[in-house]
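J.: First the structure, which I've put down as structure tokens, then a few questions once you've had a look.
The values are calculated or read from the model by the stated rules, or taken from the named source; none is laboratory data. All of these numbers come straight from a predicted model, not from anything done at the bench. Virtual Cβ from ideal backbone geometry, glycine too; neighbours counted across all protein chains shown. The protein model used for the area step is the full one, side chains on, heavy atoms only, and it has no ligands, DNA or RNA in it. Shrake-Rupley method; radii C 1.70, N 1.55, O 1.52, S 1.80 Å.
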Amino acid sequence: MKSIVIRQPNELVLEDRDIPQPAVGEVRVKIKLAGICGSDSHIYRGHNPFAKYPRVIGHEFFGVIDAVGEGVSDARLGERVSVDPVISCGECYPCSIGKPNVCTSLVVLGVHRDGGFSEYAVVPAGNAWTIPDSIEDKHAVMVEPFTIAANVTGQAQPIEQDVALIYGAGPMGLVTVQALKGVYKVKQVIVVDRIAERLAMAERCGADWTFDNSSQSLQTALEEKGIRPTLIVDAACHPSILQEAVNLASPAGRIVLMGFSSDPSQVAQQGITGKELTVYSSRLNANKFPVVIDWLKKGLIDPDKLITHVMDYRHVSDAIERFEKDQKHCCKVLLTFAV
Ligand code: NAI
Ligand code: MN
Ligand code: ZN
């Protein structure tokens, strides 16, 4: 089989590997579609401190179970599945309180262990979530990115009367917009970015109002309109955003951070305590695959609004390069595997 392997930073190869056999408790998935994410590009370019090389990247993938290991029912053969990349121990403190996404021995497929940019992948049976026939392949491969939004909203518990402000109209901002509008029916969702094309995508995803902060001050614009956001999600993830969010937030507001920058954010405690703000963080997803599969079944979200490119996996270098260089026109790029 062919696998997309990052041998070392900046060296991507299509490697011939033996088709893997599922071990006890595992299934083998014949991959049909996989999605490119910023973290794949970070591992490729050597910007992910957790990555070990060589590595088969890819943590957003969908396919069909074509072999099962010992202890897994044959009945699962032929099942269409989306794979949760979060592998956890089930016993540590975070696991015991329902946060396997921050397990003390966390393993993420495509980061710490070989992932889904491959013709076949073996994964724990419990990570392979059955996709109902009513959900099409292209939507099934988008479950993982939407689980990030499910995790963010699971932390912040949006309500209809929230005034939400989302920083960043990249894939992560857009899935969050869709969750807030489609699932939680939040009345007012504002999105801020610096790229007009991305703000247009945010509008297509349901944003009520978008703002380009490349040349104008968001704070001034919100003050003029008398808007004080009650829920702010930072899906742009620059360290300077936290202080601005604290300034803009309504008293009793919530802020959700998603970034992994190692640079400090400077923020005065007074701004947080004076308004009794709640600051959440959100990493990957905690058991959100069934939640998003249910959203898709009910038609509450529309992954098509994020998919801009579908390319053959043999063109992966070109696909990643476009994804990195063309933020105006590229959002979610899918790779097709099965012939
Ligand atoms: P992206 O880079 O495609 O999107 C970020 C967007 O933010 C861009 O459109 C950019 O123009 C905009 N932006 C940057 N600085 C801004 C500012 N000061 N004000 C307004 N807009 C600004 O990235 P993607 O894939 O949407 O991911 C967003 C962030 O989320 C990344 O930093 C990524 O590391 C993080 N992330 C976190 C996850 C988690 O589980 N916590 C999961 C996936 C991504
Ligand atoms: Mn992803
Ligand atoms: Zn654990």
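J.: Note down the accessible area of TRP129, probe 1.4 Å, to the nearest 10 Å².
T.: 80 Å²
J.: Ok, one more. Rounding to the nearest 20 debye, state how big the charge dipole of the chain is about its Cα centre with +1 on each Lys and Arg Cβ and -1 on each Asp and Glu Cβ.
T.: On the way: 34 positive and 40 negative charges, 68 e Å.
Using only the charged Cβ atoms, the result is roughly 320 debye.
J.: Return the aspartates and glutamates within reach of LYS298: Cα separation strictly under 18 angstrom, same-chain partners fewer than 8 residues apart disregarded; answer none if there are no such residues.
T.: Cross-link targets: ASP133, GLU136, ASP137, GLU144.
J.: Would you calculate, for the chain, the mean residue ellipticity at 222 nm contributed by helices, counting each DSSP H stretch of 4 or more residues as -39,500 (n - 2.57) and dividing by all residues, to the nearest 500? Don't skip to the end; give the middle numbers.
T.: Values: 11 runs with 86 residues, N = 339.
One gets -6500 deg cm²/dmol as the mean residue ellipticity at 222 nm.
J.: If the elastic network links every pair of Cα atoms under 10 Å, which of PRO303, PRO94, PRO264 fluctuates the most in the Gaussian network model of the chain?
T.: PRO264
J.: Further question on the same structure: Where does the longest stretch of the chain lie that holds no GluC sites (Glu not before Pro) found in a DSSP loop with 11 or fewer other Cβ atoms within 10 Å?
T.: Working: sites that count: GLU70, GLU91, GLU160, GLU276.
Longest site-free region, per DSSP loop and neighbour criteria: 161-275.
J.: Using a 1.4 angstrom probe with every protein chain in place, what is the largest-first accessible-area order of TYR93, TYR53, TYR44?
T.: Numbers: TYR93 160, TYR53 70, TYR44 20 Å².
Largest accessible area first, the residues go TYR93, TYR53, TYR44.
J.: Can I ask one more? Could you work out how far helix 143-156 tilts from the main Cα principal axis of the chain, as a 0 to 90 degree angle to the nearest 10?
T.: Computed tilt is about 40 degrees.
J.: Suppose a student asked you for the relative contact order of segment 237-278, using Cα pairs under 8 Å spaced at least 6 residues apart; what percent would you report? Could the numbers behind the result be given before it?
T.: Numbers: 46 pairs, mean separation 23.1, N = 42.
Rounded, it is 55 percent for segment 237-278.
J.: Looking at segment 159-227, what % of the alpha carbon pairs are farther apart than 20 Å? Present the calculation step by step, with values, prior to reporting the outcome.
T.: Numbers: 534 of 2346 pairs.
Value for segment 159-227: 23 percent of Cα pairs lie more than 20 Å apart.
J.: Another one. What do you get for Rg/Rh of segment 1-95 when both radii come from the Cα atoms and Rh is the Kirkwood radius?
T.: Taking Rg over the Kirkwood Rh, I get 1.00.
J.: Strictly over 18 Å apart at the Cα level, which of LYS305/LYS328; LYS32/LYS328; LYS2/LYS30; LYS2/LYS32 would you flag in this model?
T.: Details: LYS305/LYS328 14 Å; LYS32/LYS328 27 Å; LYS2/LYS30 12 Å; LYS2/LYS32 13 Å.
Exceeds cut-off: LYS32/LYS328.
J.: First compute the accessible area of the chain with a 1.4 Å probe, then give the percent of it belonging to carbon and sulfur atoms.
T.: Details: 7250 of 14830 Å².
That share works out to 49 percent.
J.: Now a separate question. Rounded to the nearest whole Å², what accessible area per residue is found for the chain with the 1.4 Å probe? Don't skip to the end; give the middle numbers.
T.: On the way: 14830 Å² over 339 residues.
Spelled out: the 1.4 Å probe surface of the chain, per residue, equals 44 Å².
J.: Given segment 167-271 reduced to its alpha-carbon atoms as identical point scatterers, what log10 I(q)/I(0) does the Debye formula return at q = 0.12, 0.16 Å⁻¹?
T.: -0.37, -0.69
J.: Using the Cα atoms of the chain, I'd like the radius of gyration and the largest Cα-Cα distance, Dmax, both in angstrom.
T.: Over the chain's Cα set, Rg and Dmax evaluate to 20.1, 64 Å.
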